[in-house]
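The values are calculated or read from the model by the stated rules, or taken from the named source; none is laboratory data. Predicted, not measured: the structure shown is a model, and the values here were computed from it. With ideal geometry, Cβ positions are generated from the backbone for all residues, glycine too; neighbour counts draw on all protein chains shown. Accessible surface is based on the protein model in full, side chains and every heavy atom, while ligands, DNA and RNA are left aside. Shrake-Rupley method; radii C 1.70, N 1.55, O 1.52, S 1.80 Å.
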Amino acid sequence: MRAVYVAADNIYSPIGSTTGENLANLKKNISGIKEHTDTALSPVPFYASLFAPQQVPVTKNNFTKFEQLLIQSISNAMEATGLKSNDPKTICILSTTKGNISLLESSDSDQTTHSNISLHSSAKKIAEHFSFAHTPVVVSNACISGILALLTAMRLIQSGTYDHAVVAGADTITKFILSGFQSFQAVSARPCKPFDAERDGINLGEAAATIILSADEKYRGITIGGGATSNDANHISGPSRTGEELFIAIKKALKQANLAESDIDFISAHGTATLYNDEMEAKAITLAGMQSVPVNSLKGFYGHTLGAAGIIESIVCIHSLKENIIYPTLGYETHGVPVPLNIANTLHTAPLKNILKTASGFGGCNAALIIQKHLN
Amino acid sequence: MAEKNAYISASCVISNNTVYKNKQVVFENKGAVLPDFLTSVYQHFAWKYPKYYKMDNLSKLGWAAAEILLQGSDIEKYPPEDVGLILSNANASLDTDTRYFETTKDIASPALFVYTLPNITTGEICIRHKFKGENAFFVFEKFDPGFLHQYVNNLLNNDTLQACICGWVDVLQEDYKVLLVLVESNGNAGNTAERFTKENIENLYSLHNG
């Protein structure tokens, strides 16, 4: 099977418009999460990582904020590669949970609005903007969308269907999304605390992120080695009580990458800071025998960026491998999951070769991805 | 890796208030609006699954199609993690998104919010049948048999899955269409089973149009 190399990446977030700016801020413990009092979004103050108005790229050609963020992130990542977007062996894969749903808030709920909201319309606009040879594939699978988009790209390259994949994810935080998580009592009233004893919910975040994958050996260095998804088959809005199903995805991902549990040097968890997600992940990590492996969550920096989350966190993994750096779990102080875990809470160096990235979401979905460094 | 002979062991189409199993009409209720039609399907097949009534239209369509698709199959013979569910549609969860958004003007409904993701349909089917394997939800403007065939075939060929339910589950207001097929990597090559090919799923999708 062909190797799948990481060719380039971009994080476009409230703490930076390039991956470099983002990493520099992570190293300084700078988070995008702040208190907001925008009554158009929420009747009560809330903590979230949101773009300031001047950070949002200027909207042209009737692109929405969601589309403009994707375009900005994709352009930035593409520039670094010299890849031709109109190459018929290049596919674009988009990851989002709610795309242009904000249009429901600003327009009448009629056919034109419905058509503008539909994710394939955004896909078409983005394809036209970049002259992609194919209409992008859209993945919309709750909070695992980003990882699933990377997995889809990996599979399409491994099978030889395409040689290059531009994988981009984005979501913007709207009244629709915020009110939903608030109605679930899932939003913390302060900066979130992943894996902490006092964790009480998520913060939402907006961002876009892009990873370009390629079969071209000139990009050798970091690869996507394997991955899998699974379903809890238990509850549509609550995670598994045992972590067994996330463990299934981890096992399958390791097998694909020809790795043993003991080969994993670091785990980038979903770590949303809800009571049940973090507990479930901790149990899955324990089932995999990885309780002593360093693990972090980046939700304290970015909040939960939904369709972008898996891509942003994978990008940080890619650079962790390159620099042998583990980023801390901002917000974590007192261990708060019922099993011991090695939660990273300081910025430190460590020799890294194989990273496990996990995610889970509504609908009982779980995903695991293996990101590897190949030394020459 | 060797190409396996994947077969379509069963199909279910729900379109124009008619339910087809393996291309045969098994139920119809012409003239009913969608919610009433969905209730009549449940009653006709005398299912005992009260959770059905809490689902949104997208999940009801997917759940009902899976129920009919798998009736009489021996899907239980596979380990739960070897059965996957790969779905697609055009409108994601927009049908419920608009309903949920109406509630935010008064009191946001968590019961509706949870259905504002298309893959909740996947979750509902997995819960019912205890499927724990690979799942994915893709959005396309139109049914894309080429992508679906390629993606599912890859999962069957590299032993990620032994069986997969895949297809299209779409609804927006009164417009809807469902096609689910059961694909098995070592499927029954008997007289009725069709090879899992792009053309065969395309034919199943277009067979009951109009």
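Please identify the pairs in which a residue from segment B:104-116 that is under 15 Å from residue A:186 (Cβ atoms) has its Cβ atom under 7 Å from the Cβ atom of a residue that is of a type in the set (A, V, I, L, M, F, W, C), counting only partners at least 6 apart or on another chain.
B:110/A:184; B:113/A:184; B:114/A:236; B:114/A:362; B:114/B:120
Determine if segment A:180-189 includes at least one residue that is within 14 Å of chain B (Cβ to nearest Cβ), over 22 Å from the mean Cα position of the chain (by Cα) and over 30 Å from residue B:157 (Cα atoms).
Taking segment A:180-189 first, the residues within 14 Å of chain B (Cβ to nearest Cβ) are A:180-187.
Of the ones still in play, those that are also over 22 Å from the mean Cα position of the chain (by Cα) are A:183, A:185.
Adding the requirement that they be over 30 Å from residue B:157 (Cα atoms) leaves A:183, A:185.
Yes, segment A:180-189 contains a residue that is within 14 Å of chain B (Cβ to nearest Cβ), over 22 Å from the mean Cα position of the chain (by Cα) and over 30 Å from residue B:157 (Cα atoms).
So is residue A:144 crowded, with 24+ Cβ neighbours inside 10 Å and either at the interface with another protein chain (Cβ under 10 Å from one of its Cβ atoms) or at pLDDT below 95 (or both) or not?
yes
I need the full set of residues from segment A:152-197 which are of a type in the set (D, E, K, R) and in contact (Cβ under 8 Å) with a residue 12 or more places away in the chain, in order please.
First pass over segment A:152-197, keeping only residues of a type in the set (D, E, K, R): A:155, A:163, A:171, A:175, A:190, A:193, A:196.
Within segment A:152-197, A:163, A:171, A:175, A:190, A:193, A:196 qualify.
Does residue B:91 meet the test of being within 14 Å of another protein chain (Cβ to nearest Cβ) and of a type in the set (S, T, N, Q)?
yes
Go through (1) under 30 Å from residue B:186 (Cβ atoms); (2) polar (S, T, N, Q); (3) open to solvent by 40 Å² or more (accessible area, probe 1.4 Å) and name the single condition residue B:73 misses.
Result: residue B:73 passes all but (3).
Got a sec? Which of A:121, A:145 is under 15 Å from the mean Cα position of the chain (by Cα) and of a type in the set (S, T, N, Q)? Can you show your working first?
Numbers: A:121 fails: under 15 Å from the mean Cα position of the chain (by Cα).
Result: A:145 is the single residue among A:121, A:145 that is under 15 Å from the mean Cα position of the chain (by Cα) and of a type in the set (S, T, N, Q).
So, of the residues in segment A:216-246 that are within 10 Å of chain B (Cβ to nearest Cβ) and assigned to a helix (DSSP H, G or I), which turns out to be surrounded by the fewest Cβ atoms within 10 Å (Cβ to Cβ)?
A:244
Filter segment A:150-171 for residues that are among the small types (Gly, Ala, Ser), within 12 Å of the chain's Cα centre (by Cα) and closer than 11 Å to residue A:211 by Cα and give the result.
Narrowing segment A:150-171 to residues among the small types (Gly, Ala, Ser): A:153, A:159-160, A:165, A:168-170.
Within this subset, residues satisfying the condition of being within 12 Å of the chain's Cα centre (by Cα) are A:168-170.
The answer is A:168, A:169.
Identify all residues within segment A:305-326 that are over 13 Å from residue A:347 (Cα atoms) and outside any helix (DSSP H, G or I); write none if there are none.
Within segment A:305-326, just A:305 meets the criteria.
Could you pull out the residue among A:29, A:62, A:100 that is out of contact with any Leu (no Cβ under 9 Å at 6 or more places or on another chain) and not small (Gly, Ala, Ser)?
Working: A:29 fails: out of contact with any Leu (no Cβ under 9 Å at 6 or more places or on another chain); A:100 fails: out of contact with any Leu (no Cβ under 9 Å at 6 or more places or on another chain).
Just one listed residue meets the conditions, A:62.
Does segment B:38-50 include one or more residues that are among the β-branched types (Val, Ile, Thr), closer than 20 Å to residue A:114 by Cβ and open to solvent by less than 40 Å² (accessible area, probe 1.4 Å)? Steps first, answer last, please.
We begin by selecting, within segment B:38-50, every residue among the β-branched types (Val, Ile, Thr); these are B:39, B:41.
If we keep only those that are closer than 20 Å to residue A:114 by Cβ too, we end up with none.
No, there is no match, as no residue in segment B:38-50 is among the β-branched types (Val, Ile, Thr), closer than 20 Å to residue A:114 by Cβ and open to solvent by less than 40 Å² (accessible area, probe 1.4 Å).
Among the residues of segment A:269-289, write down those that are among the polar types (S, T, N, Q) and within 18 Å of residue A:310 (Cα to Cα). Walk me through how you get there before you give the answer.
Initially, segment A:269-289 is screened for residues among the polar types (S, T, N, Q), giving A:272, A:274, A:277, A:286.
Answer for segment A:269-289, where residues must be among the polar types (S, T, N, Q) and within 18 Å of residue A:310 (Cα to Cα): A:272, A:274, A:277.
Could you go through segment B:162-184 and let me know if any residue there is closer than 23 Å to residue A:93 by Cα and at the interface with another protein chain (Cβ under 7 Å from one of its Cβ atoms).
No, because not a single residue in segment B:162-184 is closer than 23 Å to residue A:93 by Cα and at the interface with another protein chain (Cβ under 7 Å from one of its Cβ atoms).
Considering only helices (runs of 4 or more DSSP H) fully contained in segment B:33-138, which possess at least 1 residues that are farther than 30 Å from residue A:44 by Cβ and not small (Gly, Ala, Ser)?
Passing ranges, in order: B:34-44, B:57-70, B:120-129.
Between A:102, A:75, which is surrounded by fewer than 18 Cβ atoms within 10 Å (Cβ to Cβ) and either within 14 Å of chain B (Cβ to nearest Cβ) or hydroxyl-bearing (Ser, Thr, Tyr) (or both)? Outline the logic, then answer.
Details: A:102 fails: surrounded by fewer than 18 Cβ atoms within 10 Å (Cβ to Cβ).
Being surrounded by fewer than 18 Cβ atoms within 10 Å (Cβ to Cβ) and either within 14 Å of chain B (Cβ to nearest Cβ) or hydroxyl-bearing (Ser, Thr, Tyr) (or both) holds for just one of A:102, A:75, which is A:75.
Are any residues in segment B:16-25 part of a strand (DSSP E or B), in contact with a Ser or Thr (Cβ under 9 Å, 6 or more places away or on another chain) and either open to solvent by less than 80 Å² (accessible area, probe 1.4 Å) or not hydrophobic (A, V, I, L, M, F, W, C) (or both), and if so, which ones? Please lay out each step first, then the result.
Step one: list which residues in segment B:16-25 are part of a strand (DSSP E or B), which gives B:18-21, B:24-25.
Checking the rest, the ones that are also in contact with a Ser or Thr (Cβ under 9 Å, 6 or more places away or on another chain) come to B:20-21, B:25.
Residues satisfying the conditions are B:20, B:21.
Give segment A:1-23 a look and list any residue that's of a type in the set (A, V, I, L, M), under 20 Å from residue A:304 (Cα atoms) and surrounded by fewer than 23 Cβ atoms within 10 Å (Cβ to Cβ), or say none. Steps first, answer last, please.
Going through segment A:1-23, the residues of a type in the set (A, V, I, L, M) turn out to be A:1, A:3-4, A:6-8, A:11, A:15, A:23.
From what is left, the residues that are under 20 Å from residue A:304 (Cα atoms) are A:11, A:15, A:23.
Across segment A:1-23, the qualifying residues are A:15, A:23.
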